[in-house]
Amino acid sequence: MEIITEGHSKIIYAKESPDKILVYFKDTATAFHNIKRAKIVGKGLYVNQISAILFQYLTDAGIRNHFIKLADDQSMECLKTDVLPLRVIVRNFAAGSLSSRFGIKEETPLVEPIYEMTYKSEDLDNPFMNEHIAVALGFVTYNEMTTISDIAHKANTALSQVFESCDIRLIDFKLEFGRLPGGELIIADEISPDTCRLVDIKTGRHLDKDRFRHDMGDIIEAYNTVLIRLKQWKNLI
């Protein structure tokens, strides 16, 4: 199949239908803007399977996203969108850069969720931006920013609930958005331990990419734990 684009962790292929794509998840782990990089056999399968369950859950909850169906163990068929050059970071607990910026202890609960936005550019170190910058640069309109904020809030509520049902705390996560040909904005990319910070409520053990970032080890075991719990929650096993 024709490759539309290839990134650090996934390859996007064209489908015969012009409104669909195939997303293939690589067995690649990256961190710190690709400075740290490794091949982890099996990782693509877990990212694909976990994302599929969570995307379908959001769909069932009325939160639109690009997922159509699983294609195979490491690929999913999705709607083709014009992906926006921005990311929304949703934070329920202090962690990562928020902790370091404000000197807050990791995993401190926040009184209210924080919604941050960054410009997608590794060359520029993914700088922070606000809705006014996004509008001024022509990425979105103010009405679209309202839509993005509403979707992010609904997704955070829904995902926090499902993870809590699995005894997992959703510390923070990233969302990307795509615009359909008719103009509708929907969630795109992936939702997985690669893009979420997930902590076991009972043990405090990280079940996310921080295991790779900070050399904690047992990455596949952690991702497998998330997948098993989601499947048990969905009564798939």
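Quick note: the coordinates plus some simple rules give every number you see, no bench work behind them. Bear in mind that the values here come from a model prediction, so they are computed numbers and not experimental data. A quick note on method: Cβ atoms are made from the backbone with ideal geometry, for glycine too, and the neighbour counts reach across all protein chains shown.
Subtracting the Cα-Cα distance of S121 and Q56 from 0.36 nm times their residue separation leaves 20.5 nm of extension gain. Using the Cβ atoms and a cut-off under 13 Å, what net charge is assigned to the surroundings of Q74, where Lys and Arg are +1 and Asp and Glu are -1? Result for the local shell: -2.
For K234, the lysines whose Cα comes closer than 18 Å to its Cα, not counting residues fewer than 8 places off in the same chain, are K69. Along the Cα→Cβ direction, 7 angstrom out, place labels at I104 and E16. What is the inter-label distance in nm? Each label point is offset 7 Å from its Cα along the Cβ direction, giving 5.1 nm. With contacts taken as Cα pairs under 8 Å and at least 6 residues apart, the chain reaches a relative contact order of 18 percent. Charges were assigned to the Cβ only: +1 to each Lys and Arg, -1 to each Asp and Glu. The resulting dipole of the chain about its Cα centre is roughly 400 debye. For L86, the residues whose amide H sits under 5 Å from its own are K120, F177, ignoring neighbours fewer than 5 places away on the same chain, with H placed 1.01 Å from N. Which residue fluctuates most in the GNM of the chain (Cα springs below 10 Å): D72, D123, D82? The residue with the greatest mean-square fluctuation here is D123. Centre-to-centre separation between the Cα atoms of the stretch 197-219 and those of the stretch 128-161: 28 Å. Comparing L159, L70, L124 in a Gaussian network model of the chain (Cα springs below 10 Å), the most mobile by mean-square fluctuation is L124.
Just so you know, the Cα atoms of the stretch 82-219 work out to an Rg and Dmax of 15.5, 46 Å.
Dipole size of the stretch 82-219 about its Cα centre, with +1 on Lys/Arg Cβ and -1 on Asp/Glu Cβ: approximately 280 debye, rounded to the nearest 20.
Which of the chymotrypsin sites (Phe, Trp or Tyr not before Pro) found in the stretch 1-66 are in a DSSP loop and have at most 15 neighbouring Cβ atoms, other than their own, within 10 Å? Sparse-neighbourhood loop chymotrypsin sites (Phe, Trp or Tyr not before Pro): F32.
The stretch between N235 and K39 holds 67.4 nm of extra length on full extension. This uses 0.36 nm per residue minus the Cα-Cα distance. Counting Lys and Arg as +1 and Asp and Glu as -1 over every other residue whose Cβ lies under 9 Å from the Cβ of I186, the net charge comes to +1.
Can you sort S165, S160 by how many other beta carbons sit within 10 Å, fewest first?
Values: S165 12, S160 17.
Ranking S165, S160 by Cβ neighbours within 10 Å, fewest first, gives S165, S160.
Positive end of the dipole of the chain (Cβ unit charges, origin at the Cα centre): among L124, P113, S100, the Cα lying farthest that way belongs to S100. Principal axis analysis of the Cα atoms in the chain yields extents of 46, 40, 36 Å, listed in decreasing size.
List the relative contact order of the stretch 82-219 as a percent without decimals, with contacts defined as Cα pairs under 8 Å and 6+ residues apart.
Rounded, it is 23 percent for the stretch 82-219.
Taken over the stretch 82-219, lysine pairs spaced eight or more positions apart, or on distinct chains, with alpha carbons under 25 Å apart number 10.
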